[in-house]
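Encoded as structure tokens, the structure appears first; notes follow it.
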Amino acid sequence: MRRSHRRGLWIAGSLALLVIAAWIAVRSLDEPVRRYMEAEVNRRLTGYTVSIPGLRLHLLAAAIEMREATLVQNDNPDPAVLHIRRLVTSLDWRALIHGRVVADVTFDHPTVHLDLRQVRSEVADPTPVKERGWQEALEALTLDLKINRLRILQGDVTYADRGPFKPLHLSHLNIQADNIRNIRTQERTYPSEIHLEGVVFEQGQIWLDGHADFLATPYPGVEGALWLERIALDYFRPLTNRYNMSVRNGTLSLEGGFEVGPNITRVSLEQVRVQGVALEYTHTRETAGAEKARVEQTAAVARQATKTPTAQLAIKRLDVTGSTFGFVNRAASPAYRLQLTDTDITLQHLSNQPRDGHASIALRGQLMGKGSTRISASVKPRPGRADLDITTLIEDADLPRLSDVVRAHGGVGVTQGALSIYSELKLENGTIEGYVKPLVKDVRIDGSADGDRSLKRRLYEGMMNVAGKVLKNHSRGEVATVVHVSGPLERPRVSRWETIGRLLQNAFLKPIVPGLDPSRAPGGERAPAPDAPKGGKP
């Protein structure tokens, strides 16, 4: 028994020494492996540098653990683009069952930080993205094993712009992609399961469930279901300000499906909800050229999308509630602002593909906070353009609130009056046809003026006041006419002399009834008024 006891102690001691020796040997490999992996990753990368301060080998788990790794952009090294608390690469044991030796990679608490300088530097880099070595560098972290399972735990992404803007921030980001190498099956179109969830801008939520084909060329394909809940829109001000658009307040929620791949781009949204947003577009002389170029580029993209059956966009229903839309013209003299407040919009069955039929749009709001505004439209997409039937009713808008608009485009101001506009227009095959019926009631021209008013200006204002008193639409005290619009969309015909003649005719011969005119509707048929009450105005 004593001999057996001594033998057991000897064996235990030998095993302990072997374990200690193995541990020392493994630990002695940590630094050489760290230096090799850091050098190999940087050799494969272009424009960026990786630092790996700490590395541990785990032989029993067949894993490599890297700690506090950072990635910096060489042109803008501060701050680091990426910091990873722990990066673990291990063998995917499930794949070994199928006879494949591939890697399972886990990014634990990765933090991404981007600013405008770094983004501009990335865009200006002439090297194509696929030639910058990103995939090769990632494979170097796995000792050139192909990645079959990728996990991101508690990720954090921040984009900071110049100026007093809140940074775009995604937090608590968890992503898992499985079967990337398509080991378990060869038959599925999108074999890799993918799941994403996170917090957007502190209060919003994002979820994505779907499948991907990470091996598709020239870039991976993904399809799935997407949910966004209460995404704050004013976080996008740094981006929208560059396009003369300001955004305040408001939230966005949506749900639907998507598919993005080498041969197709499809977005099919079941419901989109925008609440309480304030959008305002500003036009200036300095940006007029850039604005025109953006419009032409947007129109070209839209035309191309309708001609491309593989680029599909469909929205079953979009609701905008309690919102404000504005237009500021700083190129006019004087500058003016137009606003549509308390606006609700419902859009249904919108699509960029002609085969999907007509879309309908219904809008209610208040022009400059007072004039009841209703617009309804039917849109039919066609290759390269869209056909449109639109009916507009604006009733009793306060003219003094539009004084700057009238002064900028008519040369005079107004101190009293109400404006109503009834219009039906039809755009089809690149031409426009229809009418606009403006009615001005109890108008009074601004007679107070600067001391340097010219005689011509005073005479003009006097004539306008006389017209407001003489050219009355009979007993209603309205100045009214009907303006016909027809011809090519780029240069529609609007006869000024015909308009003046009809103005005089209507003043002395016949009244113009407020409301839409069935005899003057495009095509001889009256378009229905949007939600017109029974027994109301025609």
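The values are calculated or read from the model by the stated rules, or taken from the named source; none is laboratory data. Being a predicted model, the structure only gives us computed values, none of them experimental. Because the Cβ atoms are built from the backbone with ideal geometry, glycine has one as well, and the counts that use them run over all protein chains shown. Just so you know, the surface numbers come from the protein's heavy atoms only, side chains and all, with ligands and any DNA or RNA stripped out. Shrake-Rupley method; radii C 1.70, N 1.55, O 1.52, S 1.80 Å.
In table form, for the structure just shown:
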| read-out | value |
| --- | --- |
| Selection from the stretch 45-66 of residues that are in a strand (DSSP E or B), free of Cβ contacts under 8 Å to residues at least 40 places away in the same chain and of a type in the set (A, V, I, L, M) | Leu55, Leu57, Ala63 |
| Qualifying residues in the stretch 379-423 (those that are charged (D, E, K, R) and at pLDDT 85 or above) - the one farthest from Gly369 (Cα to Cα) | Asp389 |
| Listing of strands (runs of 3 or more DSSP E) fully contained in the stretch 67-176 that carry 1 or more residues being closer than 30 Å to Phe201 by Cβ and open to solvent by 80 Å² or more (accessible area, probe 1.4 Å) | 82-91 |
| So Pro32, is it surrounded by fewer than 13 Cβ atoms within 10 Å (Cβ to Cβ) and at pLDDT 90 or above | no |
